[in-house]
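What follows is a set of notes on a single structure, which appears directly below.
The values are calculated or read from the model by the stated rules, or taken from the named source; none is laboratory data. Predicted model, so just to flag it, every value in this text is computed and none were measured. Positions of Cβ are backbone-derived with ideal geometry, glycine not excepted, and every protein chain shown enters the neighbour counts. Calculation scope for accessible area: heavy atoms of the full protein, side chains included, ligands and nucleic acids excluded. Shrake-Rupley method; radii C 1.70, N 1.55, O 1.52, S 1.80 Å.
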Amino acid sequence: MGVLYRVGSRLIEAGLAALDVDLRVEGAEHVPASGPGILVSNHIGYLDFALVMLAPPRPRREVRFLARKEFFDKPVLGMLMRRLGQIPVDVHGDPMAAAAATRAALESGALVGLHPEGTISPSFELRRAKSGAVRLAEQTGAPIVPVALWGSQRLLTKGRPLRPERHVTVLVRYGEPFVPEGRTAMVRTRTVMERIGAMLAELQDAYPQTPDLDDPWWLPARLGGSAPTPGEAELRIAEQNARRRGTSGDSSSGDVTAQ
């Protein structure tokens with residue numbers, strides 16, 4: 001592991017420790033010890049990429065995660081992400097440059113991470129995923145490792161104050177590596193998301209903390225929480241994308257993993 005990666009990861013770990021995050025990990029043995037692999041996770045908070053990267057115990061491999069270029073423009077966060085070797089995605093410019101960089105990383109034997117939903121899910125439910133992960137797997141022969149996270153939305157997420165909670169439990173589970181099968185990329189993508197969804201449901205059932213009854217904001221509406229429904233969440237995402245583009249008609253995420 002490179003010096004810069006170690007420095008960046010230690011800084012993030014120090015931040016999690018300062019917040020007294022109770023990080024519980026299952027299935028870390030499923031992360032390939034060598035060779036290429038694609039860590040594919042759900043996306044409910046801004047720190048998901050860091051948790052997926054840093055949850056396995058040491059010694060751990062470097063993971064190159066795809067993230068929006070805008071995050072690299074922020075002074076502190078951008079510095080950390082560069083030191084961690086992450087891959088910027090210019091969703092309003094040329095996202096295919098990130099796709100080429102990702103393929104090159106996998107072909108060199110790297111471990112890559114991505115969120116196929118393209119953006120944080122405000123409902124904390126799985127969104128419809130893009131097919132980029134399975135296409136990369138097909139092009140490079142890299143296996144896919146499904147990953148589920150729960151609790152990370154309580155640290156830092158879209159639409160909430162920038163005041164992370166303390167003493168939060170975060171659960172991360174890595175599934176067995178596999179090569180999805182199916183006639184089309186979207187069928188193979190559904191297979192990946194079904195595995196993530198099954199693990200996510202188990203993590204939600206096993207989660208040891210409960211929300212404030214007066215403000216159960218981090219619990220999905222389906223589970224009795226006050227998070228927006230998936231339909232409401234998609235409208236919010238569409239409005240946000242329209243504002244970013246200065247239009248009212250394009251609701252796509254622009255993620256590099258898009259079809």
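Annotations for the structure displayed:
- Couplings 3J(HN,Hα) of region 42-50, computed from phi: 5, 9, 10, x, 5, 9, 4, 4, 5 Hz, in residue order, whole Hz [Karplus 6.51 cos²θ - 1.76 cosθ + 1.60, θ = phi - 60°; x for Gly and Pro].
- Among residues other than Thr229 with Cβ under 10 Å from its Cβ, the summed charge is -2 (Lys and Arg +1, Asp and Glu -1).
- Selection from Ala55, Pro228, Gly35, by position along the positive dipole direction of the chain (Cβ): Gly35
- Which of Thr210, Ala137, Gly151, positive extreme of dipole for the chain (C-beta unit charges): Ala137
- Ellipticity estimate at 222 nm from DSSP helix runs (n ≥ 4, -39,500 (n - 2.57)) divided over the chain, nearest 500: -11500 deg cm²/dmol
- Solvent exposure ordering (accessible area, 1.4 Å, most first) of Asp73, Asp48, Asp90: Asp73, Asp90, Asp48
- Relative intensity, log₁₀ I(q)/I(0), of region 87-204 from a Debye sum that treats every alpha carbon as a point, q = 0.20, 0.21 Å⁻¹: -1.23, -1.29
- Amide H partners (placed H, <5 Å) of Leu23, local residues excluded: Val170
- Among beta bridges identified by DSSP and lying wholly in the chain, the antiparallel ones come to about 20 percent.
- Here is the list for region 123-187: trypsin sites (Lys or Arg not before Pro) lying in DSSP coil, each with at most 11 other C-beta atoms within 10 angstrom of its C-beta, are Arg166, Arg183.
- Only Lys, Arg, Asp and Glu carry charge here, each on its Cβ (+1 for the first two, -1 for the last two); on that basis the chain has a dipole of about 660 debye about its Cα centre.
- Label selected from [x] 62, 41, 39; [y] 50, 44, 39; [z] 56, 43, 28, the criterion being Cα extents along the principal axes in Å as computed here: [y]
- Electrostatic tally near Glu107: other residues with Cβ closer than 15 Å to its Cβ, Lys and Arg +1, Asp and Glu -1, net +2.
- Neighbour net charge for Val76 - beta-carbon separation under 15 angstrom, K R +1, D E -1: +2
- Of Pro143, Pro164, Pro57, the one that fluctuates the most in a GNM where the chain has Cα springs shorter than 10 Å: Pro57
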